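Enquirer: This is the structure, below, for whatever I ask next.
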Protein chains: 2
Amino acid sequence: LIAGGQGVVGASLVRALLDAGHEVLTLDPRDDLSLVHDIADQFERRQGSVLDVGQNAELLRDERIDTIAHGAVFDAQGADPFASLSVNAYGVLSMLEAARRAEVPRLVFMSSKAALGQFIGEYGSPTYAPLPPEHPRGPMVGLEVYSMAKRFAEESGELYADRFGLEFVALRFATIVGPGKQVRHGPTSVHSRMIENAIAGAGTDVAHGGEGFDDMVYVKDVAQAIVCACTCESPPRRAYNIGSGRLVSLTEFAEAVRRHVADVEITIGPGVDYIPVPSSSCLMDISAARAELGYEPAYDVDSAVIDYVATVRGLGLASEVNSAQSGWKG
Amino acid sequence: LIAGGQGVVGASLVRALLDAGHEVLTLDPRDDLSLVHDIADQFERRQGSVLDVGQNAELLRDERIDTIAHGAVFDAQGADPFASLSVNAYGVLSMLEAARRAEVPRLVFMSSKAALGQFIGEYGSPTYAPLPPEHPRGPMVGLEVYSMAKRFAEESGELYADRFGLEFVALRFATIVGPGKQVRHGPTSVHSRMIENAIAGAGTDVAHGGEGFDDMVYVKDVAQAIVCACTCESPPRRAYNIGSGRLVSLTEFAEAVRRHVADVEITIGPGVDYIPVPSSSCLMDISAARAELGYEPAYDVDSAVIDYVATVRGLGLASEVNSAQSGWKG
């Protein structure tokens, strides 16, 4: 079962799981097929909320679910803190409880580097020391609500693992790039904006961030990591870093867009933070995920951009020019 | 409005607020009058859950509530993590949201030293350096569920203060001693067990903890601190330590019980932890609460024991002999 199965990551995960021969059921409050319409007859869908513990326990039992991939997210920017924390924090606890009641053995949680907080000192610019998987959790200033939710959700999963023997694995993703993100995640999707504007023949102006680097991971690598965590035998850790393991600058990314999409003008202002979340860029040490989950990122910047464009065109996704700046208020 | 107004702290707070001339409404899912039957006609009661945001927003608006004292707790031991976190974490977020919708200007949250985690190094035995009010939050091993809830609740309150200008004050209580605790809080209420067994003419055997010290605060001082935090002008901090500011050993406490209640046998085993939560004892620096809230603890060990016994007798509370040890499993 994929909770949030029709979102950016969920949709990519549906494909990866189907490709690997698994049966898939998605749980999503909306029935938005824009990212999965070509494979809509290959998996089951249920409309519902992660907050409905009783109904979800019944669903998990009736459908004999053996693994939950939990990626349901609402209002990541936290504009409405109550709604955001309800889904993104309490919703994970609720799904853990449904899993316990239905005796589902494993829940893989789509966490984020936001669970870890600011990347300062050696982990920040300009040194970007690789972030070990044991990095402690802490608040992320500028993304407090999302960060709180991810920390509470991880703690809940660890609690259920300790108490009830549930296999809980949190995957802490670096900056994810993937089709559909601009529509769903808003102005922080700087990479999507560059690509989708270029598809529409327009340039992009990014006010800040030309001097920074970040670990940027393509959504198909993210999906692969989740498949690994869902299917590998007894992962020894409860949290893994999932990134590309490489630093990429926005300038490098822009060059790839100009090379593979359209020779439009892309300007990037100074500074290191390209979204208004201070010190949120980092480099992930993904060695534990490699060794213990069998994860191996397959996309570099060029192949990610090429695949992104092919996916957008293949799905017939409209690319509208977006001139918003990368502030939350956009 | 006191959420959890019929519990150990809530009941004492009702009295303190009435004494100070305030109007009081309690919100509690049960209508258990055992701690307030003598004053039941002096305040309003509403049965309800802290989780019902819509109904509580309406209640707050209809009753023109100006201050919420939030002390609703369910299953502090976390035997049922979902139920426990629902009330103790998500329930606080829910009440903050109800307060926002009803434009209630202040919420005082009854937090705990459990929000802070273990007291080790200089803050632990044997040095017990006074814990500053700025001590960072961290997990408390052995009380994970309660600790998680208090941390999430404090973070939620700070978020609502940042976002919406709500005045949020968390009071982090030391070990609270007060009538009614044995029935409600179970075997960890070591102090209550000693007193109530003695009232019934029986001794008490405490297996561990004779070598430790703790900051122990009487429930009437706790109530006074909450009244201060509810009524003082714009408290400058969002979190205060509330204790007696003094270290007391179990042996000292047992002597006071023998002196003021009954000359029964009280034996206390070795070690520093008298409940199975490692390094949970500390000494609180209460200077900020003194200076900024006007809090001044009035009870020492002797006067606390004397008042406890008088309260139990005045309310006609049954004192049953309890021979349980202080492990969560009793």
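Enquirer: Quick one: Karplus J couplings for region A:255-266, per residue in order, coefficients 6.51, -1.76, 1.60, θ = phi - 60°, nearest Hz, x for Gly and Pro?
Expert: Using θ = phi - 60°, the values come out as 4, 5, 5, 5, 6, 9, 10, 7, 7, 8, 8, 10 Hz.
Enquirer: Within straight cross-link reach of residue B:113, meaning Cα distance under 18 Å, which aspartates and glutamates are found once same-chain residues fewer than 8 apart are removed?
Expert: Answer for residue B:113, where 18 Å is the Cα cut-off: B:75, B:122, B:134, B:144, B:154, B:155, B:158, B:214, B:215, B:221, B:273, B:285, listed by chain and number.
Enquirer: Next question. Mean 1/r over all different Cα pairs, inverted: what Kirkwood radius does region B:102-194 give, in Å?
Expert: It is 14.9 Å.
Enquirer: Next up: Equivalent ellipsoid semi-axes for region A:1-101, as square roots of 5 times the alpha carbon gyration tensor eigenvalues: give them largest first, rounded to whole Å.
Expert: 21, 17, 10
Enquirer: Another one. Find me the longest stretch of chain A that has none of the exposed trypsin sites (Lys or Arg not before Pro), where exposed means in a DSSP loop (not H, G, I, E or B) with at most 11 other Cβ atoms within 10 Å.
Expert: A:65-328
Enquirer: Calculate the all-directions average of the projected area of region B:181-305's alpha-carbon convex hull, and give it in nm².
Expert: 7.9
Enquirer: Distances over 17 Å make up what percent of all Cα-Cα pairs in region B:265-330?
Expert: Working: 1475 of 2145 pairs.
Here the long-distance tail beyond 17 Å is 69 percent of all Cα pairs in region B:265-330.
Enquirer: Could you work out the relative contact order of chain B? I mean the mean sequence separation of Cα pairs under 8 Å and 6+ apart, divided by the number of residues, in percent.
Expert: Across chain B, relative contact order equals 20 percent.
Enquirer: In Å and from the alpha-carbon atoms only, list the Rg and Dmax of region A:81-147.
Expert: Looking at region A:81-147, its Cα Rg and Dmax stand at 15.2, 48 Å.
Enquirer: Same structure again: Restrict the search to region A:60-164; then list the GluC sites (Glu not before Pro) that DSSP places in a loop and that have at most 16 other Cβ atoms within 10 Å of their Cβ.
Expert: Details: sites: A:63, A:97, A:103, A:122, A:134, A:144, A:154, A:155, A:158; in loops: A:63, A:103, A:134.
The qualifying sites are A:63, A:103, A:134.
Enquirer: What list of ³J(HN,Hα) values in whole Hz, one per residue of region B:5-13 in order, does the Karplus curve 6.51 cos²θ - 1.76 cosθ + 1.60 (θ = phi - 60°) give from phi, with Gly and Pro shown as x?
Expert: Once rounded to whole Hz, the list reads x, 10, x, 4, 6, x, 5, 5, 5.
Enquirer: Mind giving me the FRET efficiency for residue A:46 and residue B:101? R0 is 35 Å, r the Cβ-Cβ distance, nearest 0.05 is fine.
Expert: 0.65
Enquirer: Another one. Would you grab the residues whose amide H sits under 5 Å from the one on residue A:242? Only those 5+ places off in sequence or on another chain, please, with H modelled 1.01 Å from N.
Expert: A:172, A:173, A:174
Enquirer: Moving to a separate point now. Could you run the Karplus curve 6.51 cos²θ - 1.76 cosθ + 1.60 with θ = phi - 60° over region A:243-248 and give me ³J(HN,Hα) per residue in whole Hz, x for Gly and Pro?
Expert: x, 8, x, 10, 8, 10
Enquirer: Additional query: D for chain B, whole µm²/s, Stokes-Einstein with Kirkwood Rh over alpha-carbon pairs at 10 °C and 1.306 mPa s: what number?
Expert: 80
Enquirer: If you put a point 7 Å past Cα along the Cβ direction, how far is that point for residue A:29 from the same point in each other copy, in nm, smallest first?
Expert: Taking the point 7 Å beyond Cα along Cα→Cβ, the inter-copy spacings are 2.3 nm.
Enquirer: Further question on the same structure: Angle, helix A:190-199 long axis vs. longest principal axis of chain A, Cα atoms, 0 to 90°, nearest 10?
Expert: Around 70 degrees separate the two axes.
Enquirer: How are the C-alpha pair distances of the protein assembly as shown spread across 20 Å bins, as whole percents from the shortest bin up?
Expert: The calculated distribution, bin by bin, is 18, 46, 28, 8, 0.
Enquirer: Using only Cα atoms and rounding to the nearest 10 degrees, what angle (0 to 90) does helix B:144-164 make with the longest principal axis of chain B?
Expert: 30
None of the figures in this text is laboratory data; all of them are computed from the coordinates on show. The structure presented is a predicted model; accordingly, all values stated were derived computationally and were not measured. Quick reminder, even Gly has a Cβ in these numbers, built from the backbone with ideal geometry, and neighbours come from all protein chains shown.
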